[in-house]
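The structure under discussion appears below in the form of structure tokens.
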Amino acid sequence: MRVLITGAAGMYGIALTRRVLADDPAASVVAVDNFSRAFPGGEPLTALAVSDPRLTVVRRDCGELTTADLEPYAPDAVVHYAARISVPESMNDPQGYFAANEQTTFRFAHAVAGMRRPPLLVYASSPEVYGAPVRVPMDEDHPFHPRTVYAVTKAAGELHCMALYRWWGHPVVVIRNFNTYGPHQNLAGYPAVVPTFVTRALAHQPLRLENGGAQTRDFMYVDDAVDAYVRVLVKGPSLAGAIFNIGTGIQTSIRTLAETVIRETGSRSAIEVAEGRRSDLPALCADTSRIRQALGWAPRTSLAEGIRHLAAWLRSTGA
């Protein structure tokens, strides 16, 4: 299998690259990334490419790639992770998010669809497209009520990709990733809550809870998430048109997350309460019945175990 991955230097991209190459000696990966983010512990893709000739690293913004650029790689599947992913940052830089997420996805998806042998296109989306929940857990038919620029750009990306399937029959699968964490997660700018808490806990700094930490999320370890992507890639174009949620189906409050992080890292951090942000959703929790039935996928890593893995990686990087 030949897989082209955008956003390949991010947490998801690195994990999927390693998994694809580990699973199949005949597999190859084209890793596309503009390398615009920070890399705690060093950027790993270049070193991996030196040691494994099956990996090709392309230092380009995927939105710049044309069909002619993509043809020589002849991928069987394309996984589009590349995106800016911070909810609050999207409200401070709406034009940047529109360009990086919606416009880039539109251009890239159409470049992929124009190939002589169009590959399976897997689009990585977000439960933020659902907005405030009308039911929990949230299934794939939950109404769309995006209320931030980030959420709107991810919803638009889904629609652009699915239009290629509905009009042209191009094989497209959408995966809505609930709150994922793990090694190689970005720590700069507007980092996600799990790496923020673990980093602060390792330094014995206070963990701040917005709105008292009552809001809940569905926290999934990256290796479990990547296993879902691998199953989709193996199943291939027969899944065209499918939309899947991936998550644990377990609601964890931000306060419980903080307490778990402190316990699993042996931290002396205190918990502080802070004023919450306007855009914060009260709950996100995945109904994963569809992907369980279709592909037999289920997460295996508990929150405590995943936090220990992340803490060990952060210690190894000195972050």
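The values are calculated or read from the model by the stated rules, or taken from the named source; none is laboratory data. Source: prediction; values computed, not measured. No Cβ is skipped: glycine too gets one built from the backbone with ideal geometry, and neighbour counts run over all protein chains shown.
Residue under question is A274, and the condition is that it be modelled with pLDDT of 95 or more and of a type in the set (G, A, S); does it hold?
Against the criterion (modelled with pLDDT of 95 or more and of a type in the set (G, A, S)), A274 does not qualify.
Here are some conditions: (1) of a type in the set (V, I, T); (2) at pLDDT below 95; (3) closer than 24 Å to R166 by Cα. V122 meets all but one. Which one does it not meet?
(2)
Of the residues A258, A311, which is within 20 Å of P183 (Cβ to Cβ), at pLDDT 95 or above, among the small types (G, A, S) and surrounded by 15 or more Cβ atoms within 10 Å (Cβ to Cβ)?
That would be A311, the only listed residue that is within 20 Å of P183 (Cβ to Cβ), at pLDDT 95 or above, among the small types (G, A, S) and surrounded by 15 or more Cβ atoms within 10 Å (Cβ to Cβ).
Residue by residue, here is whether (1) in a loop (DSSP other than H, G, I, E, B); (2) among the charged types (D, E, K, R) holds:
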| position | (1), (2) |
| --- | --- |
| T104 | no, no |
| P118 | yes, no |
| V122 | no, no |
| V129 | no, no |
| R147 | yes, yes |
| L164 | no, no |
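Look at segment 262-297 and say how many of its residues are without any contact (Cβ under 8 Å) to a residue 12 or more places away in the chain and either within 20 Å of T180 (Cβ to Cβ) or under 18 Å from the mean Cα position of the chain (by Cα) (or both).
Counting residues in segment 262-297 that are without any contact (Cβ under 8 Å) to a residue 12 or more places away in the chain and either within 20 Å of T180 (Cβ to Cβ) or under 18 Å from the mean Cα position of the chain (by Cα) (or both) gives 1.
Which of the residues belonging to segment 203-244 are surrounded by fewer than 18 Cβ atoms within 10 Å (Cβ to Cβ), more than 18 Å from N179 (Cα to Cα) and either of a type outside the set (K, R) or within 15 Å of the chain's Cα centre (by Cα) (or both)?
A203, H204, Q205, P206, N211, G212, V234, G236, P237, S238, A240, G241
Rundown of residues vs (1) basic (K, R); (2) farther than 30 Å from L4 by Cβ, yes/no style:
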{"site": "R231", "(1), (2)": "yes, no"}
{"site": "Q251", "(1), (2)": "no, yes"}
{"site": "A274", "(1), (2)": "no, yes"}
{"site": "P299", "(1), (2)": "no, no"}
{"site": "S316", "(1), (2)": "no, no"}
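Would you check which residues across segment 146-174 are of a type outside the set (G, A, S) and more than 20 Å from the chain's Cα centre (by Cα) and list them?
Residues satisfying the conditions are L164, Y165, R166, W167, W168, H170, P171.
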